[in-house]
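Encoded as structure tokens, the structure appears first; notes follow it.
The values are calculated or read from the model by the stated rules, or taken from the named source; none is laboratory data. Source: prediction; values computed, not measured. Using ideal geometry, Cβ is built from the backbone for each residue, glycine included, and neighbour counts are taken over all protein chains shown.
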Amino acid sequence: MLILGIDTSCDDTSAGVVDSGHTVRSNVIASQYAAHARFGGIVPMIAAREHTQRISYIIQSALDDAQIGFGDLDAVAVAHHQGLLLSLVVGVSAAKSVALACDIPLIGMHHLEGHIYSNLMGRQHELPFPFLCLTVAGGHTLLLKVTAHSRYELLGFTRDDAAGEVFDKLARTLGLGFPGGPAVEKLAAEGNPQAYEFPRPLINQPNFEFSFSGLKTAVIQAVERDPQANAADVCASFQQAVIDLLVTKTIRVAKAHGLTRIALAGGVALNGPLRVALQRECEALNYRMFVPPRDLCMDNGAMMAGAGYFLYRLRGGDPLTIEARANAPLGQLGIRYRPESKYN
Amino acid sequence: MLQLLIDTSGPYTMAAVADEGKLLGECTVQGRPAARVHELIRLLLMAVKTPIEAIDLIAVTVGPGSWTGLNIGVTAAKVLAQVRKCPVVTVSALDALVAVHHWDRGQTWAICKAGRGKANYSLYARGPALPGLESGITEFGALRDRLLQDVDPMVLEYGQTFRPDLSRLPAVNYACRERLPVEGMILAARAAAPLHLEEVLALTPDYLQPALAEQDAQTV
């Protein structure tokens, strides 16, 4: 079953083709870094315009790379929940056009399900349910127990900022450009992670919640107090604090719930030192850790196509009336991980 | 030649099918509608008993108008055309507004708000409107001064933002429309040249205001 997946939830325009949820036939991602770099962050109106301009080329490239045409598609999956509304609507409109013109099912997806399923693509038998998924990116930081297809238990979440968002803020403060994650990681490699004693909020609290706003404030104040501060040391110390928080809470949740398989997902999963630190802890406890290939960690269309296969088998397709929503409950149980007002 | 016409530029979303300029069917919906455009098209094609494979040309409004609505409509049109390999013609919402209008006493100005005190405008000659004489985006105050100096002009506004500032105009010289006339879209589409496939793939809404987006840049 060949599924075209489309994701335009933020600033990457992406499309991919996946065969039966496992075999990635293509995965094309066009980033908009250049369009947003001078603003130090993503400008939603510009992102929408860039998506509209690129979406046809990206879809065509995904089909060409997969060596198929529109007539070979069996379904089209698209992220329509969670992200920037102005961006989501472009991908949704494109996917509906493909579904309408090809007379194939449309599968509306929650963006986070794509990230979660990126761990299952090609290795479903290695990673049976249940497992723990730490999904961490610019818009969210969650610890989910994945019990079955599209069934999740929310075990931990951030009270305030997402981890990836804090990387971007630090990069902006230090003038490292956008996106912040890779820039901070690169500079951190040259610094001393013990140079600054940044706070690790809630790390000793016996709960599974994260908080990054205090860390963000402390790092930015440190830079503002001492403009001559060694940026590499700041980045290394900050990155270590984030890693300590993520790894400590993840392992604590895994132990408490008896989950010995831990999956990492989302853009921050690209962070090399985080992967190494979590892997080291997992090995010490004889747990297994799973991380998707690098191009499945970023926002991408293939993960939507892969997840779409499983969800289509679970609940069938959607009507052409589905709409984009910036915030939406997750999975069949309707998990809510943001303040209630966000869902109105 | 069967044409599918799509308009998502304003508070109404419209899909229509025409054959050589003759309207075969139209579906219009009001209220947060752009996301419904595909369902409208599906229902319309069923109503006129026309499979999508029979469509020879797609016409779509590319602005000015709602930022989000236009992104949805233009994306819908370009991807439909990409799959069906049919050409696209782009239509200015202001041309569609004016195409069914006839004003013999002077020039016609079609205007529409562009945000931050600016207005999109198109100017048309006396009599049959199309093609227009000039179009652009400008400070509304400068535009108002210019059109009020015109001899017996007609002002057609898409929406009704600027009417209070145009109170010096006699009522007969001003009209506003909340939705585009489908006949106007058909006429404007017939006056436009089809785009090549490469142009279709790169098509974006014609906001006439890219600089505004950058002035207003709010990052997330």
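Observations
- Residue within segment A:275-285 that is within 30 Å of A:ARG25 (Cβ to Cβ) and among the acidic types (Asp, Glu) present: no
- Segment B:1-85 holds strands (runs of 3 or more DSSP E) entirely within its bounds, and those carrying 1 or more residues that are under 28 Å from B:GLU157 (Cβ atoms) and touching a Phe, Trp or Tyr at 6+ places or on another chain (Cβ under 7 Å) map to B:22-30, B:57-63.
- For segment A:78-107, the set of residues classified as away from chain B (no Cβ under 11 Å) and surrounded by fewer than 24 Cβ atoms within 10 Å (Cβ to Cβ) consists of A:HIS81, A:PRO105, listed by residue number.
- B:ALA175 more than 24 Å from B:ASP7 (Cα to Cα) and either in contact (Cβ under 8 Å) with a residue 60 or more places away in the chain or surrounded by fewer than 18 Cβ atoms within 10 Å (Cβ to Cβ) (or both): no
- Answer residue from segment B:78-102, given it is within 14 Å of another protein chain (Cβ to nearest Cβ) and without any contact (Cβ under 8 Å) to a residue 60 or more places away in the chain and is surrounded by the most Cβ atoms within 10 Å (Cβ to Cβ) among those: B:VAL79
- The residues of segment A:236-260 that are over 19 Å from the mean Cα position of the chain (by Cα) and of a type outside the set (A, V, I, L, M), listed by number, are A:SER237, A:PHE238, A:GLN240, A:ASP244, A:THR248, A:ARG252, A:LYS255, A:HIS257, A:GLY258, A:THR260.
- Looking only at segment A:36-52, and only at residues there that are within 21 Å of B:PRO205 (Cβ to Cβ) and more than 7 Å from chain B (Cβ to nearest Cβ), the one that is modelled with the lowest pLDDT: A:HIS36
- If you go through segment B:183-200 and keep only what is among the aliphatic types (A, V, I, L, M) and surrounded by fewer than 20 Cβ atoms within 10 Å (Cβ to Cβ), you end up with B:ALA191, B:ALA192, B:ALA193, B:LEU195, B:LEU197.
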